[in-house]
Amino acid sequence: MLEALLDFWKQDDETAPNIFAWRTIPPRPAQTHPVPTDVPDTLRAALSSRNISQLYSHQLTAWTHARAGRNLILSTGTASGKTLAYNLPVLAKMLEDSQARALYLFPTKALAQDQLSVLNDQLSALRQPVTDNWSLTTAIYDGDTPQPHRSGIRKTARIVMSNPDMLHTGILPHHANWGDFFTNLKFIVIDEAHTYRGVFGSHVANVVRRLKRVAKFYGAKPQFILASATIGNPKELAETLIEEPVELVDNDGSSRGERHFIMYNPPVTDAALGLRKSSILESVRLANHLLSHDVQSVVFARTRRTVEMLLTYLHENRGSGIGNPTSDSRSSKSNSYIRGYRSGYLPLQRREIEQGLRDGSVKTVVATNALELGIDIGGLGAALMVGYPGTIASARQQAGRAGRGDDPAVSILVASPNPLDQFLAHHPEYFFERSPEMALVNPNHLLILLEHLRCAIFELPFQKGEGFGSISDELVNEYLEFLVSNNEAHFSNEKYFWMQDAYPAANISLRSASPQSVVLHTNADDGRPTIIGTVDGESANWMVHPGAIYMHEAQQYFVQELDIENHIAHLVPVGLDYYTEAQQQSEIQITSLNDQIATRGCEKGYGEIQVTTQVVGFRKIRWFSNENLGQEPLDLPPSELQTTGYWIVLSEEALSKLREAGLWSNDPNDYGPDWQKTRLAVRKRDQFKCQVCGAAETVREHDVHHKTPFRAFIQNGVVNREQANRLENLVTLCQSCHRKVEQNVRIRSGLTGLGFVLGNLAPLFLMCDAGDLGVFAEPAWSAVDAQPAVVLYDLVPAGIGFSEKLFELHDELIQRAYELVSECACEDGCPSCVGPGGENGYGGKAETLAILQQLLASK
């Protein structure tokens, strides 16, 4: 049935014109080798009982490295047999040493549950031929493990499955209860290692430092096996996480059937504005095609809200047959075939859906990335991604869900209007060539490091002169002396001891670098006060300011009060038709210059910066239509962020060329010598009152606004002031109303457009979300002698390494930005390239392209 659908799509007038790329990857035979002779006989027999007489080439390579005592990272495709590759050496050690222990770390509880069932299935064959004196207990130890079971697991489990959060708060601080386990710890397996990046990865690297320190205390030196999706730097990431040499195993020998990868770009509905048909509605149509042709499918969405929207549309459309290419099959399909899968569903529901996918009773599942990570759902016929999932590693993993053995399969990426989606729609080679993404981790991030030094000194006193991971003993002593001066530690008999009552791990989130969080308070249905979560202190002013709409578990909450002093926000549940968007003003100063180089059209630099940000108001935006419902001012104190930034400062030569071409709109407007007289005449005519809200002038004079923007009267670098300053084109506005009008009718400068496209494209190379980066575009940046500049900076205190990487990737980033903007079909800027100019406004596409041409390393 899949072949018939693919043929239909190639001919269908609604579908074929919107297919921007169709790659067919031919079948690949397995590269196998006999099971090595040094595999224990009982393990060989267990493999044989599972009809496994050969190993894939990468499984053999992993076995060889592991048996030689080397650390390794497996970086092969989805469903390539990575689980067996790391289980084999662990189980062999368990058979050879009846006291040996292993710790498996997974990023989520659900994945640990799934891998436990996989391992138990493999063990069911292994246990038969082994003597009664040998036992191999496996167990999960996480926040859901019942208290009565925990003591037994600590004493008897030989393979413990957990997650970094539980290791951080529930195991390492109580290592004395795990004495036998740590004494005999031989292997540490870290699955889905590519998820340990950014702030989370930097925390996990420090948790691994603490884990190795505790293991060493008990006389153990465990071996590490890591598994990762395909990323640009798996070996570098692994060696940063564990701070030991690591062998890379990426010679994927698994077999694969024919694979189709389709990049689908919804049709343009307004060419001038660059607007496209909804990616959600187009995904529903394609998913209905798959269902009608009896192709078992997974539909991936980025948010829980989108999952529920897709489910609603799919259920509604099944009855009417919308999107079905053939009408004879639609009536036999039932809504029971279509299920959702996301966080918030009960574990029992999830297991039921997973089983339905394996046995075929569920035909279509709509999921968040909860189904992306390694959970066994069998091989499906199709994977449909509603929008780019954020990283190429995630996209490849989601696409890898399609494929059942040697059967053909298809993956479809339905592009959203986001600039990154549109770039990938035009450059699908990024999915098929070596991944450009680098998973960045900074274990020595000062704030994160200090938090984990507190945890480590609680777990075991520090000997004077002792290092911590790759941190020198001198630097560790300096940090420990800081804790002593802060009355958190005590130095006695050449050792540093923890002095506080509480154990520090309890107050440290592995997901944040901010030491202070704001607690979100609300009332439950029965009126009881309850806490629904926290936000880090750095984000509180823009996420939970008074009047903000905060989303949690698909429920809207209205923020009544933000108590900054006590770090509490008070929220009430609501059901409104709008969301809020904070309006911020920022100032940036360079505090330390790490490097700055003159390059084509600019100087590029990176270093430490101080970002002073003040939330001055917020907009209310209607769901779906994005209609601006109004703006409200806020009076919140400014916040300061010490971080790292990468910047581009345009050269005088580049500016001169842009001015000569009439493609530089950031110079101050020269309204002419008679402007002050004209301005007074307009205010008199309007009786010194705002013509929108009626407010009269007080101490501050009202503004005079050009109805048709002043720059619209510039042609070939010459402005027609007489036409621009006609009285009928001018109106008196108060400052507040002027700001609102400027949001509606504005000219987006080329510099702003440059910041927009770079900020949206950079995550492609950094393996981060766009929300991890701040963007600052300023035509007269005071930090560089009032020169025009664009700054991209880490939104993490002290930075996580994004800025240095962007500095290194400058040429490629500029080249890709130029390709994205020049290939966009819009006339003058749109959400898919340099950003919209605003309703009735003017975009900056031509200016942005001109700037990018000046910055290109070669023309």
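Condition first: assigned to a helix (DSSP H, G or I) and under 30 Å from Val246 (Cβ atoms). Can you find one or more residues in region 136-152 that meet it?
no
How do the helices (runs of 4 or more DSSP H) wholly within region 744-837 filter down when requiring 2 or more residues that are closer than 16 Å to Thr848 by Cβ: which remain?
In region 744-837, 750-761, 810-823 are the helices (runs of 4 or more DSSP H) which contain 2 or more residues that are closer than 16 Å to Thr848 by Cβ.
Any idea how many residues of region 254-291 are in a helix (DSSP H, G or I), of a type outside the set (Lys, Arg) and touching a residue at least 60 places away in the same chain (Cβ under 8 Å)?
So the answer is 9.
Would you please name the residue that is farthest from Glu243 (Cα to Cα), looking only at residues in region 66-90 that are assigned to a helix (DSSP H, G or I) and open to solvent by 10 Å² or more (accessible area, probe 1.4 Å)?
Taking the candidates together, the pick is Leu84.
Consider Glu653 against the criteria (1) outside any strand (DSSP E or B); (2) at pLDDT below 90; (3) closer than 30 Å to Gln853 by Cβ: it satisfies all of them except one. Which criterion is unmet?
All conditions are met except number (2).
Taking the conditions exactly as written (closer than 30 Å to Leu650 by Cβ, touching a residue at least 24 places away in the same chain (Cβ under 8 Å) and buried (at least 17 other Cβ atoms within 10 Å of the Cβ)), does Val615 satisfy them or not?
yes
Okay, residues lined up against (1) basic (Lys, Arg); (2) open to solvent by 40 Å² or more (accessible area, probe 1.4 Å); (3) over 30 Å from Lys657 (Cβ atoms):
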| position | (1), (2), (3) |
| --- | --- |
| Ser539 | no, no, yes |
| Ala548 | no, no, yes |
| Gln555 | no, yes, yes |
| Cys602 | no, no, no |
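Does Lys186 fit the bill of being among the basic types (Lys, Arg) and assigned to a strand (DSSP E or B)?
Yes; evaluated as a whole, the condition is true for this residue.
Show the residue pairs meeting these rules: Cβ distance below 6 Å; 6+ apart or different chains; first residue within region 150-175 and crowded, with 18+ Cβ neighbours inside 10 Å; second residue modelled with pLDDT under 95 and of a type in the set (D, E, K, R).
Correct list of pairs: Ser162/Asp142; Asn163/Asp142; Met166/Asp142.
Name the residue that is nearest to the chain's Cα centre (by Cα), counting only residues in region 582-610 that are under 27 Å from Leu856 (Cα atoms) and among the charged types (D, E, K, R).
Applying the filter and picking the extreme gives Glu608.
Would you confirm, using the coordinates I've provided, whether Leu43 is of a type outside the set (Lys, Arg), in contact with a helix residue (DSSP H, G or I) (Cβ under 9 Å, 6 or more places away or on another chain) and either in a helix (DSSP H, G or I) or open to solvent by 30 Å² or more (accessible area, probe 1.4 Å) (or both)?
yes
Across region 464-475, what is the number of residues that are open to solvent by less than 50 Å² (accessible area, probe 1.4 Å) and under 32 Å from the mean Cα position of the chain (by Cα)?
2
Applying the selection to region 230-257, what residues are farther than 21 Å from Phe187 by Cβ and in contact with a strand residue (DSSP E or B) (Cβ under 8 Å, 6 or more places away or on another chain)?
Matches in region 230-257: Thr230, Ile231, Asp252, Gly253, Ser254, Ser255, Arg256, Gly257.
Could you look through region 830-840, keep only residues that are touching a helix residue (DSSP H, G or I) at 6+ places or on another chain (Cβ under 8 Å) and open to solvent by 10 Å² or more (accessible area, probe 1.4 Å), and pick out the one that is modelled with the highest pLDDT?
That would be Pro831.
Being open to solvent by 10 Å² or more (accessible area, probe 1.4 Å) and polar (S, T, N, Q) is the filter here, so list the residues in region 196-232 that pass it.
Once the filter is applied, which keeps residues that are open to solvent by 10 Å² or more (accessible area, probe 1.4 Å) and polar (S, T, N, Q), region 196-232 yields Gln223, Thr230.
The values are calculated or read from the model by the stated rules, or taken from the named source; none is laboratory data. Please read all numbers here as calculations on a predicted model, not as lab measurements. When we count neighbours, we look across all protein chains shown, and the Cβ atoms used for this are built from the backbone with ideal geometry, even at glycine. Heavy atoms of the whole protein, side chains included, go into the accessibility calculation; ligands, DNA and RNA do not. Shrake-Rupley method; radii C 1.70, N 1.55, O 1.52, S 1.80 Å.
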